[in-house]
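Asker: First the structure, then my questions, so here it is.
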Amino acid sequence: MTENQKRIVDVGMRLFLIVVIINLIEYLAGWHLVQLYEFEKKLQIALSIEIGMQNAGLDVALALKHFPAETALPGAILAA
C-alpha cells in the first residue's frame, strides 16, 4: 500500500464528507449569487448548477494529481 493510500484509508469517510460539504456549499453559493442579481428562475437554476459542476471538476483534477484515482470519486459523482 502506498503512502497516499494509507492516508486515504485513515481519513476515508471524513474526506468524503468534506468533499460533499464543499461541493454543496459551491452549489448554494452559486444559487444565492445568481439570486442576488435577480436573474429569472430558469437562469438561476442553470447558473447554480454550472458553478457547482465547474468546481466539482476542479476537485476531480486535483484529486487525480495528488492522490490515487479512487479519491476522485466524490467529485466525479457530484459533477455527474
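Asker: For the pair residue 38 and residue 65, how long in nm is the line joining their label points, each one 7 Å along Cα→Cβ?
Answerer: Simple spin-label model gives 4.0 nm for this pair.
Asker: Subtract the Cα-Cα distance of residue 13 and residue 54 from 0.36 nm times their separation in residues, and report this length gain in nm to one decimal.
Answerer: Fully extending the segment from residue 13 to residue 54 adds 12.4 nm.
Bear in mind these aren't lab numbers, they're just calculated from the coordinates by the rules spelled out. These figures come from a predicted structure and were not determined experimentally. For neighbour counting, all protein chains shown are included, and Cβ atoms are generated from backbone atoms with ideal geometry for every residue, glycine included.
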